[in-house]
Amino acid sequence: MRLDKFLKVSRLIKRRTVANEACDAGRVILNGKPAKASASVKVGDEIEILFGQKSVRVRVLDIQDTTKKEEAKDLFEYL
């Protein structure tokens, strides 16, 4: 699955266009390297998102095309 789509489906970032912009600005790091929005995400990958002074690190646990709001948190775990 594309990185921008995973960020939207998992609700780490609310909109796919915002996820695209974050990737283009270099604020999304996939497995230790800055990633483009088209990068492929697999189970076990680590994603770090830089929000100003704060950063969020998660590990991908599952990949789904769509998910309900309550189930979105099951797609990743915070590190």
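The values are calculated or read from the model by the stated rules, or taken from the named source; none is laboratory data. Since the model is a prediction, treat every value here as computed from it, not as a measurement. Reconstructed Cβ throughout: ideal geometry from the backbone, glycine too, with neighbour counts over all protein chains shown. Note: accessible area is taken over every heavy atom of the protein model, side chains too, but ligands, DNA and RNA are not part of it. Shrake-Rupley method; radii C 1.70, N 1.55, O 1.52, S 1.80 Å.
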- Note on the structure: With the first residue restricted to region 61-79 and required to be under 16 Å from residue 2 (Cβ atoms), and the second required to be small (Gly, Ala, Ser), Cβ contacts under 7 Å at 6 or more apart or on different chains are 75/10; 76/10
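Just need a number here: residues in region 27-44 that are in a loop (DSSP other than H, G, I, E, B) and either under 10 Å from the mean Cα position of the chain (by Cα) or of a type in the set (A, V, I, L, M) (or both).
Quick first cut of region 27-44, residues in a loop (DSSP other than H, G, I, E, B) only: 27, 31-32, 35-39, 41-44.
Among the residues that remain, those that are also either under 10 Å from the mean Cα position of the chain (by Cα) or of a type in the set (A, V, I, L, M) (or both) are: 35, 37, 39, 41, 43.
Adding up the residues that qualify gives 5.
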- Picking from 61, 50, 75, 7, the residue that is surrounded by 13 or more Cβ atoms within 10 Å (Cβ to Cβ) and touching a Cys at 6+ places or on another chain (Cβ under 9 Å) would be 7
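Would you check which residues across region 28-47 are open to solvent by 100 Å² or more (accessible area, probe 1.4 Å) and charged (D, E, K, R) and list them?
Of everything in region 28-47, those that are open to solvent by 100 Å² or more (accessible area, probe 1.4 Å) and charged (D, E, K, R) turn out to be 33, 36, 42.
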- Item | Candidate set from region 10-26 (those that are assigned to a loop (DSSP other than H, G, I, E, B) and of a type in the set (A, V, I, L, M)); member that is least open to solvent (accessible area, probe 1.4 Å) | 13
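Let's see how each residue does on (1) within 18 Å of residue 78 (Cβ to Cβ); (2) in contact (Cβ under 8 Å) with a residue 40 or more places away in the chain; (3) in contact with a strand residue (DSSP E or B) (Cβ under 6 Å, 6 or more places away or on another chain):
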{"position": "12", "(1), (2), (3)": "yes, yes, no"}
{"position": "20", "(1), (2), (3)": "no, no, no"}
{"position": "26", "(1), (2), (3)": "no, no, yes"}
{"position": "34", "(1), (2), (3)": "no, no, no"}
{"position": "39", "(1), (2), (3)": "no, no, yes"}
{"position": "42", "(1), (2), (3)": "no, no, no"}
{"position": "48", "(1), (2), (3)": "yes, no, yes"}
{"position": "54", "(1), (2), (3)": "yes, no, no"}
